[in-house]
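What follows is a set of notes on a single structure, which appears directly below.
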Amino acid sequence: MNLKEQIDLNKLPQHIAIIMDGNGRWAKKHGFLRTIGHENGVKSVRSSIKTCIDLNIPYLTLYAFSSENWSRPKFEVEMLMDLMVRALKKELKTFIDNNVVLTAMGNLDLLPPKVKKNLEQVMEATKSNTGLTLTLALSYGSRNELIDVVKNISDKVKNNLISPSDIDESIINEHLYTHDLPDVDLLIRTSGEQRISNFMLWQIAYAELYFAEVLWPDFSEQEFYKALLTYQNRERRFGKTSEQL
């Protein structure tokens, strides 16, 4: 029996988030420039999107570029931005054909104008789709997101739109970048690193964490199935005892 056949279609996560790590190390391992690693990483993005579509998983969020990544060498950042423009243009037909909705979160105003324009065009072209919601975290940092939440709620309190006594989890959820998304069920990080790296700190409060040893360009459908099977073999208690489930 292959891995896909072992997956219980009734116990799939609704929202999967992935920290796509290891492009640079993959390139170094194979004797290539780091930029070649990023280009090969796009193949794993396509594979992950296809897997979610095939299994009817409704939400996939990819950590594509962190707020800290701006400090990388200028050449690498420029290459990543160029790669993003090319990938968005190339994948638009695939998104349309497969009913994928593209969204993005983060400080998008920091993106180069050409990247932001292409991103907005693809989001506009796919906004009426009803299938997989693919969210790209770009120029994103969870601490920055939470600072924005505090500022926005504070402004509303100051203007008597919200009472301090009304602030609860639902109010905070409404002000997150991900207010239209459910909490993350499964967080995957590739490359063997076991860190969260400032990614969706609020939204992964009860997520199952899966750390894959493979580098991101080697994260195939089979590796995705391994993550799903591990998820399905865990007991998600949300603070309860096993007997209460």
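The values are calculated or read from the model by the stated rules, or taken from the named source; none is laboratory data. Treat the numbers as computed from the prediction; the structure is a model and nothing was measured. Ideal geometry is used to build each Cβ from the backbone, glycine not excepted, and the neighbour counts take in all protein chains shown. SASA here: full protein model, heavy atoms, side chains in, ligands and nucleic acids out. Shrake-Rupley method; radii C 1.70, N 1.55, O 1.52, S 1.80 Å.
A few points about this structure:
- Tally of residues being in contact (Cβ under 8 Å) with a residue 24 or more places away in the chain, open to solvent by 10 Å² or more (accessible area, probe 1.4 Å) and either part of a loop (DSSP other than H, G, I, E, B) or among the small types (Gly, Ala, Ser) (or both) across the range 3-23: 8
- Evaluated against (1) open to solvent by 80 Å² or more (accessible area, probe 1.4 Å); (2) more than 30 Å from ALA227 (Cβ to Cβ); (3) touching a residue at least 12 places away in the same chain (Cβ under 8 Å), PRO164 falls short on exactly one condition, (3).
- Among residues of the range 147-165, those that are of a type in the set (Ser, Thr, Tyr) and either farther than 22 Å from SER67 by Cβ or not in a helix (DSSP H, G or I) (or both), counted: 2
- Search result, residues across the range 127-157 that are open to solvent by 70 Å² or more (accessible area, probe 1.4 Å) and charged (D, E, K, R): LYS127, ARG143, LYS151, ASP155, LYS156
- Qualifying residue in the range 188-205 (condition: in a helix (DSSP H, G or I) and either out of contact with any strand residue (DSSP E or B) (no Cβ under 9 Å at 6 or more places or on another chain) or open to solvent by 20 Å² or more (accessible area, probe 1.4 Å) (or both)): no
- The condition of being over 18 Å from ILE16 (Cβ atoms), surrounded by fewer than 19 Cβ atoms within 10 Å (Cβ to Cβ), charged (D, E, K, R) and modelled with pLDDT of 95 or more holds for only one of GLU169, GLU243, that being GLU169.
- Hits in the range 94-124 (condition: closer than 24 Å to GLU68 by Cβ and either in contact with a His (Cβ under 6 Å, 6 or more places away or on another chain) or in a loop (DSSP other than H, G, I, E, B) (or both)): GLY106, ASN107, LEU111, PRO112
- Any hit, the range 24-44, residues being open to solvent by 70 Å² or more (accessible area, probe 1.4 Å), of a type in the set (D, E, K, R), free of Cβ contacts under 8 Å to residues at least 24 places away in the same chain and closer than 28 Å to GLN203 by Cβ: no
- Tally, over the range 25-35, of residues that are closer than 13 Å to LEU80 by Cα and at pLDDT 95 or above: 0
- Filtered by the rule that a residue be open to solvent by less than 20 Å² (accessible area, probe 1.4 Å), closer than 12 Å to HIS38 by Cβ and either polar (S, T, N, Q) or at pLDDT 95 or above (or both), the range 55-76 gives a lone residue, PHE65.
- Every residue from the range 166-187 that is acidic (Asp, Glu) and not in a loop (DSSP other than H, G, I, E, B): ASP166, GLU169, GLU174
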